[in-house]
Amino acid sequence: MRLSLRFVLPLMLVLAAIAWGVAPLVDQLTLRWFTRDMDIRAELIANAMREPLIDQLAAGSKTKIASYFSRIARDERLYAIGYCATPDDQPLATRSLPPQIRCENLSQWQDAENPVLESSRGSLHVAVKPLNEEEEGAGWLVLIHDMSFVTRRSEETKVYVFYFFMALAAVVSLVTVIIAQLSWRGWVTGMRALLRGEGLLREPTPRSNAPEFQPIARDLHRLIQDLESETRSRDESQITWTPDALRAILHGELRGENVIVISNREPYIHQRRGDHVEVQRPASGLVTALEPIMRACSGTWIAHGSGSADREAVDGSDRIGVPPEHPTYQLRRVWLTPEEENGYYYGFSNEGLWPLCHIAHVRPIFRSADWAHYVAVNKKFAEAVVAEARTPNPIVLVQDYHFALLPRMIRELLPDATIITFWHIPWPNPESFAICPWREEIISGLLGSSILGFHTQFHCNNFVDTVDRFLEARVDRESFTVTLGGKQTAVRRYPISIAWPPDPEMVDKAIGQCRAEVRAANGLPAGHLIGIGIDRLDYTKGIMERFRAVERLLELQPEWIGRLTFIQIGAPTRTGIDEYQNHEVQVRALAARINDRFGRGVPPPIVLKVEHHEPREVYEYLRAAEFCFVSSLHDGMNLVAKEFVAARDDERGVLILSQFTGAARELPEALIVNPYDADQSAAALHLALTMPPTEQRDRMRLMRGLVGEFNVYRWAGRMLLDAATMRRRNRLLEKPPVGTSAS
Ligand code: F6P
């Protein structure tokens with residue numbers, strides 16, 4: 001109503017002003033019309049009077065003429081009549097003839113454009129007509145009309161015009177108010193429905209339920225979704241992704257909410273070495289990605305305390321501030337018994353799920369005892385999450401295949417938590433996943449998440465197909481959501497990455513110095529060429545295939561014998577598992593055989609270093625190499641590929657990358673190979689060794705551009721932005737619709 005008044009009042013004022021402005025125009029117009037009427041009337045009267053007057057003048061009777069004039073002047077409008085024979089005469093006229101009209105000035109009135117005389121009687125129209133039009137000198141007839149009726153009429157017209165505009169204003173205002181009220185009501189109803197989350201489709205009104213409205217509503221719904229995601233991606237691409245940007249999202253979008261990360265592997269491991277304690281950084285893609293995020297956002301990271309000196313380092317609540325040199329977040333350690341570690345970590349996670357999800361031709365092993373430990377350890381971590389939660393609705397970031405059951409367990413304990421689960425390894429197709437005896441429990445556990453993330457769309461598709469195959473859940477392939485038991489999980493692609501720009505400490509040593517030191521440390525001569533591979537000693541990484549490619553290169557291109565050494569850093573991993581022990585034995589044997597074949601009397605073609613290396617040393621090797629070879633048989637992303645790109649600020653070096661890594665989808669400028677094809681891989685090695693520096697630069701520049709733009713802050717930021725949107729939506733859904741009162 002206030003809105004209507006705000007519009008209607010000014011409208012009425014404007015129309016009143018128009019009416020006011022129009023009035024003088026109406027005055028002038030009516031005056032012109034009436035003057036013309038008077039002229040015509042005077043002409044008519046003159047025509048009628050001429051003949052009788054000529055006769056009476058001829059008869060010479062002034063009295064008769066006076067009474068003739070008086071008779072005619074009885075006409076209501078005719079005020080006076082006169083006759084002048086010559087300009088020097090006195091007029092022969094009725095008594096009412098105004099004194100201003102004299103015979104001598106008749107010519108002035110005859111030629112006047114506006115022959116109106118203003119007198120004490122009011123406005124008078126003066127018409128001067130020749131008595132005989134054919135004969136000059138017969139005298140002039142003067143007819144004076146009273147124009148007071150014109151003024152009266154003009155006043156009346158002005159009043160009518162004013163009333164007309166006022167009535168017009170009232171009608172326009174009324175129509176405006178009605179239209180405004182109707183559209184306001186419709187808009188408010190629409191907004192209320194949207195705020196209640198009903199959207200245009202979910203709970204249609206009886207009218208919008210009509211089949212003819214359904215396609216329109218569907219299109220609108222889609223349009224809104226497109227606009228939403230377009231805005232999000234536009235905003236996302238406009239952000240410069242840095243630790244500060246992440247902090248801003250946490251404090252702005254998420255109002256500084258409590259962030260809790262859960263992973264099996266801890267970011268800092270305290271190891272006892274004799275009488276001193278050493279802090280180790282594990283070789284883990286997950287830790288590489290999450291550590292910079294936690295530094296930026298603070299919060300709490302809950303992980304398995306696996307180091308020999310971990311218990312000595314924590315406080316009474318099993319917490320320690322990290323990074324040790326400058327603590328910015330809390331590490332909360334969870335202790336596992338050797339049986340739990342065997343069953344949950346070595347058994348179910350790494351002998352069952354790991355080979356199940358990686359198509360690396362190693363049979364998964366599923367034991368019910370391992371499953372029982374897996375369930376128990378997931379519960380243990382759920383309790384730790386509840387203990388660490390400062391609010392009933394924290395943001396919980398669950399990491400990886402060790403915790404497939406955790407999202408549902410947290411959902412039951414903290415129903416309002418926002419749970420983002422990220423699956424760092426591939427998700428297989430439904431046929432492969434069917435092997436797992438507890439497949440339904442695993443999928444249902446993951447569907448406790450608000451958002452479930454994978455590196456690639458391919459893995460998202462596989463997951464949704466698996467749900468469709470094994471659970472009674474609603475799968476929406478358009479919005480990529482799964483609804484189970486009334487709770488929705490969004491399945492999203494978030495390609496993981498690394499911190500950018502890399503820590504300056506990692507790249508502060510000059511390339512030349514890195515080369516010299518690496519050669520010296522490995523007994524290689526000056527000018528010797530180096531290839532590099534850095535992985536955990538895992539059978540999924542294709543280390544055997546890598547060595548076979550080097551062997552094939554030396555067979556096909558013997559000119560490289562003695563000139564090239566491929567250095568493989570293999571961080572020991574999961575050494576309690578038979579398959580890993582066998583793999584290490586096989587890798588060592590293959591390296592020895594190739595060295596025996598091509599390394600006699602010259603530097604060895606392969607140097608295998610099965611030991612842990614700190615990130616700084618890893619970067620030194622990456623900077624020293626001519627090429628980096630990543631030959632995984634199946635890999636969610638593979639961050640070593642991205643680290644090689646980050647390490648090469650000299651824009652040199654060639655990346656050879658397996659087509660079975662998630663990274664291959666993002667870095668097509670690498671030499672993409674099928675690691676099972678030794679000939680193709682050997683050809684790629686030769687190409688890398690002979691690639692001109694300009695081509696190396698062009699490829700490296702493009703890859704550095706991509707990794708810089710899609711860095712790990714963006715990976716985490718996108719998840720947090722999606723979580724923030726989800727929380728906002730949920731808050732609106734909880735609110736009672738506007739206008740309803742809580743009774
Ligand atoms: O990146 C995949 C991943 O399995 C991580 O989940 C894990 O932290 C890392 O590789 C190393 O494995 P682990 O923690 O078993 O040594």
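The values are calculated or read from the model by the stated rules, or taken from the named source; none is laboratory data. From a predicted model like this one, the values you see are computed outputs, not experimental measurements. All Cβ positions, even for glycine, are placed from backbone atoms using ideal geometry, and neighbour counts span all protein chains on display.
Determine whether the stretch 541-558 contains at least one residue that is acidic (D, E) and within 16 Å of the ligand (Cβ to nearest atom).
No, the stretch 541-558 has no match at all.
So if I check each of R439, R474, which one is modelled with pLDDT of 95 or more, assigned by TED's automatic domain parsing to the domain that holds A404, basic (K, R) and buried (at least 17 other Cβ atoms within 10 Å of the Cβ)?
Checking each option against the conditions leaves just R439.
Just one of V159, V171 is loosely packed, with under 14 Cβ neighbours inside 10 Å, modelled with pLDDT of 75 or more and within 30 Å of L124 (Cβ to Cβ); which is it?
None of the other options fit; the residue is V159.
May I ask you to list the residues in the stretch 603-637 that are crowded, with 24+ Cβ neighbours inside 10 Å and within 23 Å of Y401 (Cβ to Cβ)?
Once the filter is applied, which keeps residues that are crowded, with 24+ Cβ neighbours inside 10 Å and within 23 Å of Y401 (Cβ to Cβ), the stretch 603-637 yields V630, S631, S632, D635, G636, M637.
All but one of (1) in contact (Cβ under 8 Å) with a residue 24 or more places away in the chain; (2) within 30 Å of G542 (Cβ to Cβ) hold for E431; state the number of the condition that does not hold.
Only one criterion is unmet by E431, namely (1).
Pairs please, first residue from the stretch 242-255 and over 17 Å from R727 (Cβ atoms), second anywhere and assigned to a helix (DSSP H, G or I) and charged (D, E, K, R), Cβ atoms under 7 Å, 6+ apart in sequence or on different chains.
Every condition considered, the pairs that remain are P243/R295.
Might you check whether a residue that is closer than 20 Å to M147 by Cα and part of a helix (DSSP H, G or I) occurs anywhere in the stretch 6-16?
Checking the stretch 6-16: not a single residue is closer than 20 Å to M147 by Cα and part of a helix (DSSP H, G or I).
Sort through H455, H424, H459, H402 and tell me the only one that's touching a Ser or Thr at 6+ places or on another chain (Cβ under 6 Å) and either within 16 Å of the ligand (Cβ to nearest atom) or of a type in the set (S, T, N, Q) (or both).
Testing whether each residue is touching a Ser or Thr at 6+ places or on another chain (Cβ under 6 Å) and either within 16 Å of the ligand (Cβ to nearest atom) or of a type in the set (S, T, N, Q) (or both) leaves just H402.
Suppose the filter is under 26 Å from R728 (Cα atoms), of a type outside the set (V, I, T) and assigned to a helix (DSSP H, G or I); does R408 pass it?
In short, yes.
Across the stretch 268-280, which residue is nearest to the ligand (Cβ to nearest atom) among those that are in a loop (DSSP other than H, G, I, E, B) and either farther than 29 Å from N378 by Cα or over 43 Å from the mean Cα position of the chain (by Cα) (or both)?
Of everything passing the filter in the stretch 268-280, G274 is nearest to the ligand (Cβ to nearest atom).
For W354, which of the numbered conditions (1) closer than 28 Å to K541 by Cα; (2) without any contact (Cβ under 8 Å) to a residue 60 or more places away in the chain; (3) within 39 Å of the chain's Cα centre (by Cα) fails to hold?
The one condition W354 does not meet is (2).
When both residues are 6+ apart or on different chains and their Cβ atoms are under 9 Å apart, which pairs have a first residue that lies in the stretch 525-545 and is part of a strand (DSSP E or B), and a second that is within 16 Å of the ligand (Cβ to nearest atom) and among the charged types (D, E, K, R)?
Partner pairs satisfying both residue conditions: G533/K541; I534/E643; D535/K541; R536/R574.
Kindly evaluate R95 against the criterion of being loosely packed, with under 12 Cβ neighbours inside 10 Å, out of contact with any helix residue (DSSP H, G or I) (no Cβ under 6 Å at 6 or more places or on another chain) and within 17 Å of F149 (Cα to Cα).
no
Would you confirm, using the coordinates I've provided, whether F480 is within 29 Å of G708 (Cα to Cα), within 16 Å of the ligand (Cβ to nearest atom), touching a Lys or Arg at 6+ places or on another chain (Cβ under 8 Å) and assigned by TED's automatic domain parsing to the domain that holds P282?
So F480 does not fit the description; no.
Looking at S284 and the list (1) within 16 Å of the ligand (Cβ to nearest atom); (2) crowded, with 19+ Cβ neighbours inside 10 Å; (3) of a type outside the set (A, V, I, L, M); (4) farther than 20 Å from N711 by Cβ, which single condition is not satisfied?
Among (1) within 16 Å of the ligand (Cβ to nearest atom); (2) crowded, with 19+ Cβ neighbours inside 10 Å; (3) of a type outside the set (A, V, I, L, M); (4) farther than 20 Å from N711 by Cβ, the lone unmet condition for S284 is (4).
Please find, among E626, E614, E620, E651, the residue that is among the acidic types (D, E), more than 26 Å from H358 (Cα to Cα), within 16 Å of the ligand (Cβ to nearest atom) and touching a residue at least 12 places away in the same chain (Cβ under 8 Å).
E614
Could you identify the single residue in S306, S317, S298 that is assigned by TED's automatic domain parsing to the domain that holds L336, among the hydroxyl-bearing types (S, T, Y) and within 15 Å of the ligand (Cβ to nearest atom)?
The unique qualifying residue is S306.
In the stretch 114-162, which residues are hydroxyl-bearing (S, T, Y) and either free of Cβ contacts under 8 Å to residues at least 40 places away in the same chain or not in a helix (DSSP H, G or I) (or both)?
S119, S120, S123, S148, T151, Y160
Please determine whether any residue of the stretch 258-267 is within 16 Å of the ligand (Cβ to nearest atom), under 35 Å from the mean Cα position of the chain (by Cα), of a type in the set (A, V, I, L, M) and assigned to a helix (DSSP H, G or I).
no
So which pairs qualify, if the first residue must be in the stretch 489-512 and under 23 Å from H424 (Cβ atoms), the second must be at pLDDT below 95, the Cβ gap must be under 6 Å, and the two must be at least 6 apart or on different chains?
Cβ pairs passing all conditions: I496/A289; A499/P292.
If the Cβ limit is 8 Å and pairs must be 6+ apart or interchain, which residue in the stretch 575-598 that is touching a residue at least 24 places away in the same chain (Cβ under 8 Å) and within 20 Å of H612 (Cα to Cα) pairs with which residue that is among the charged types (D, E, K, R) and surrounded by 13 or more Cβ atoms within 10 Å (Cβ to Cβ)?
From the stretch 575-598, the pairs are I577/E351; E579/E351; Y580/D538; Y580/R574; H583/D538.
Can you pull out every residue in the stretch 487-524 that is in a helix (DSSP H, G or I) and out of contact with any strand residue (DSSP E or B) (no Cβ under 8 Å at 6 or more places or on another chain)?
P504, E505, M506, V507, I511, G512, Q513, C514, A516, E517, A520, A521
Which residue, of Q581, Q568, Q586, is away from the ligand (no atom under 16 Å from the Cβ), at pLDDT 95 or above and either surrounded by fewer than 21 Cβ atoms within 10 Å (Cβ to Cβ) or of a type in the set (D, E) (or both)?
Checking each option against the conditions leaves just Q586.
How about the stretch 320-350: which of its residues are closer than 22 Å to P243 by Cα and within 16 Å of the ligand (Cβ to nearest atom)?
L331
Based on this model, can you work out whether A682 counts as over 21 Å from P502 (Cα atoms), in contact (Cβ under 8 Å) with a residue 40 or more places away in the chain and buried (at least 16 other Cβ atoms within 10 Å of the Cβ)?
The answer is yes for A682.
For the stretch 511-520, does any single residue satisfy the condition of being within 22 Å of E617 (Cβ to Cβ), of a type in the set (K, R) and within 16 Å of the ligand (Cβ to nearest atom)?
There is no residue in the stretch 511-520 that is within 22 Å of E617 (Cβ to Cβ), of a type in the set (K, R) and within 16 Å of the ligand (Cβ to nearest atom).
Looking only at the stretch 644-679, which residues are buried (at least 18 other Cβ atoms within 10 Å of the Cβ) and of a type in the set (S, T, Y)?
Once the filter is applied, which keeps residues that are buried (at least 18 other Cβ atoms within 10 Å of the Cβ) and of a type in the set (S, T, Y), the stretch 644-679 yields S658, T661.
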